[in-house]
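Step one of this worksheet: look at the structure below.
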Amino acid sequence: MRIVITGGAGMIGSHLVDVLLDGGNEIVVVDNFMTGRRQNLAHLAASPWVRIVEADISTESHLAETVGPVERVYHLASPASPVDYARHPLETLMTNSVGTRNALDIARCWRARFLLTSTSEIYGDPEQHPQPETYRGNVNSLGPRSCYDEGKRFAESLAMTYWRSYGVDVRIARLFNTYGPRSRSDDGRVIPTFCVQALAGQPLTVFGSGQQTRSLCYVSDTVGGLLALMETPGIDGEVVNIGCPEERTILDIAQTIAALAGSSCRIERGPLPVDDPARRCPDIDKARRLLEWQPETDLETGLERTLAYFRAEAALARGAAA
């Protein structure tokens, strides 16, 4: 198949590119590299089966003609970490509104199947645990995180409107925290931050009490969930949580990473960010039932692989500086 991946230079997107290429597909990556990294795709530079279109999905209105006929559209483009959408709030809103419409128009033009990567952030600071797809959320539409939370909620509404109005085969994945190799060390998310700090022998920065929870899904499992959601027949119009249902406190995650890195777990406290969710854990019964999918990588194994990646990145940086 010929497949478009918007945001294909991001951590999740680049792993998705690799898996789809291994499956014998031709890939068109659309990315403006605002938060994605060119080095995530550098190993594919010589591949005749990968075309990279450097473009802003929110300003390019004729992408259907640019990319040509396709059978699948994976829409991953968007700043996705609190640091990134704090730096780029307007771009985040535009990517998830106008950009989502432009991506949907590619699917509509070529009668392609469309998958939107939404987020657990649409649940806000949830009052229901774990969070099923039927939970409507507790989101502050006026807060500093709202550019992402509400941007994704609008994107979901837009995708479903294209499904109802135009018959576009739409599927929506609500991704919970995903981690793994090819993360940016400066993206502000908990796993890259703790890994970099632990490997450098620095104190690990924990905001608030550290008793807030996250559920962490290794990137290969997330990609497997996206593929299952895209390729399972007869489930257009469905929204499915993709994540790991194992809940861990931030403090426990910090201690686990420090132990795996062989670092003393010195904790440096910081103020809790505005609207930071106290708990986050997916109900994945729907994914198990519809997709026959669930995560397979335990946290310690995934963290060891992620630490190995950041260790190699640090070695490369030292070599370049020598």
Pick from the range 121-143 the residues that are crowded, with 20+ Cβ neighbours inside 10 Å and among the hydrophobic types (A, V, I, L, M, F, W, C): which of them is nearest to residue 224 (Cα to Cα)?
122
Members of the range 1-57 that are small (Gly, Ala, Ser), within 18 Å of the chain's Cα centre (by Cα) and on the phi < 0 side of the Ramachandran plot:
8, 9, 10, 13, 14, 36
Within the range 116-162, how many residues turn out to be assigned to a helix (DSSP H, G or I) and within 23 Å of residue 283 (Cβ to Cβ)?
14
Strands (runs of 3 or more DSSP E) enclosed by the range 205-322 - at least 2 residues per element that are farther than 24 Å from residue 185 by Cα and touching a residue at least 60 places away in the same chain (Cβ under 8 Å):
239-242
Identify, please: which residue in the range 144-196 is out of contact with any helix residue (DSSP H, G or I) (no Cβ under 8 Å at 6 or more places or on another chain) and of a type in the set (Gly, Ala, Ser) and is, among those, surrounded by the fewest Cβ atoms within 10 Å (Cβ to Cβ)?
165
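If only one of 59, 66 is assigned to a helix (DSSP H, G or I) and either under 15 Å from residue 152 (Cβ atoms) or not aromatic (Phe, Trp, Tyr) (or both), which one is it?
66
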Counting only residues that are charged (D, E, K, R) and not in a strand (DSSP E or B), which one in the range 163-176 is nearest to residue 102 (Cα to Cα)?
169
The one condition in (1) touching a strand residue (DSSP E or B) at 6+ places or on another chain (Cβ under 7 Å); (2) buried (at least 21 other Cβ atoms within 10 Å of the Cβ); (3) more than 27 Å from residue 166 (Cβ to Cβ) that residue 72 fails to fulfil
(3)
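Return the residues of the range 266-283 that are among the charged types (D, E, K, R), at pLDDT 80 or above and either under 14 Å from residue 206 (Cα atoms) or touching a Gly at 6+ places or on another chain (Cβ under 6 Å) (or both); say none if nothing qualifies.
266, 268, 269
Name the residue that is nearest to residue 4 (Cα to Cα), counting only residues in the range 95-123 that are touching a strand residue (DSSP E or B) at 6+ places or on another chain (Cβ under 8 Å) and of a type in the set (Phe, Trp, Tyr). Steps first, please.
Step one: of the range 95-123, the residues touching a strand residue (DSSP E or B) at 6+ places or on another chain (Cβ under 8 Å) are 99-100, 103-104, 106-107, 112-120, 122-123.
Restricting the remaining residues to those that are of a type in the set (Phe, Trp, Tyr) gives 114, 123.
Details: 114: 10, 123: 28 Å.
Among those that are touching a strand residue (DSSP E or B) at 6+ places or on another chain (Cβ under 8 Å) and of a type in the set (Phe, Trp, Tyr), it is 114.
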For the range 126-137, enumerate the residues that are under 20 Å from residue 80 (Cβ atoms) and without any contact (Cβ under 8 Å) to a residue 24 or more places away in the chain.
137
Does residue 240 satisfy the condition of being farther than 20 Å from residue 149 by Cα, crowded, with 21+ Cβ neighbours inside 10 Å and of a type in the set (A, V, I, L, M, F, W, C)?
no
When residue 91 is evaluated against the numbered criteria (1) within 22 Å of residue 242 (Cα to Cα); (2) surrounded by fewer than 24 Cβ atoms within 10 Å (Cβ to Cβ); (3) of a type in the set (Asp, Glu); (4) in contact (Cβ under 8 Å) with a residue 24 or more places away in the chain, which criterion, by number, is the only one it fails?
(1)
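Under the condition of being of a type outside the set (Lys, Arg) and modelled with pLDDT under 85, which residue from the range 284-322 is farthest from the chain's Cα centre (by Cα)?
Ranking the candidates gives 322 first.
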Being polar (S, T, N, Q) and either modelled with pLDDT of 95 or more or over 16 Å from the mean Cα position of the chain (by Cα) (or both) is the filter here; which residues of the range 209-229 pass it?
209, 211, 212, 213, 220, 222
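The values are calculated or read from the model by the stated rules, or taken from the named source; none is laboratory data. What you see is a predicted model; the values in this text were computed from it and never measured. Note that we place each Cβ from the backbone using ideal geometry, even for glycine, and neighbour counts take in every protein chain shown.
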